[in-house]
Amino acid sequence: MGIASVEQKVRLTLDKVLNVATGDFPKKEELFAWGLDSIKVVELIVELEETFGIIFYDDELLFENFSTIQLIVDRIQGKLVAPS
């Protein structure tokens, strides 16, 4: 899956979780300014795992790992290209 496709799916998932349109959000903008909090991060993680068929391990479940679109895309992209 290409990085553009990953980003598009991440943005759609964020739209759903945050209930805002993220299409124009800069990739490096902090998402907490748009309503991402600890409860919504949990919801986001579950949605991302289901959308991409991946698992985030306990040591990855830090708020700062999901604080920007760029960080989320990079983490997912790494999981999708990592050997099984």
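Numerical summary
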{"quantity": "Sparse-neighbourhood loop sites, chymotrypsin sites (Phe, Trp or Tyr not before Pro) in region 1-74 - DSSP loop, at most 12 other Cβ within 10 angstrom", "calculated": "Tyr57"}
{"quantity": "Rh by Kirkwood over Cα pairs, then Stokes-Einstein D for the chain at 1.306 mPa s and 10 °C, µm²/s", "calculated": "125 µm²/s"}
{"quantity": "Cross-link reach list, lysines versus Lys27, counting only Cα pairs under 18 Å and skipping chain neighbours closer than eight places", "calculated": "Lys9, Lys16"}
{"quantity": "Per DSSP, loop GluC sites (Glu not before Pro) in the chain with at most 15 further Cβ within 10 Å", "calculated": "Glu29, Glu30"}
{"quantity": "Candidates per trypsin sites (Lys or Arg not before Pro) in region 1-71, loop by DSSP, up to 12 other Cβ within 10 Å", "calculated": "Lys28"}
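The numbers here are math on the coordinates, done by the rules we state, and not lab data. Remember, predicted model here, so these are calculated numbers, not experimental data. In this analysis, Cβ positions are derived from the backbone assuming ideal geometry, glycine residues included, and neighbour counts consider all displayed protein chains.
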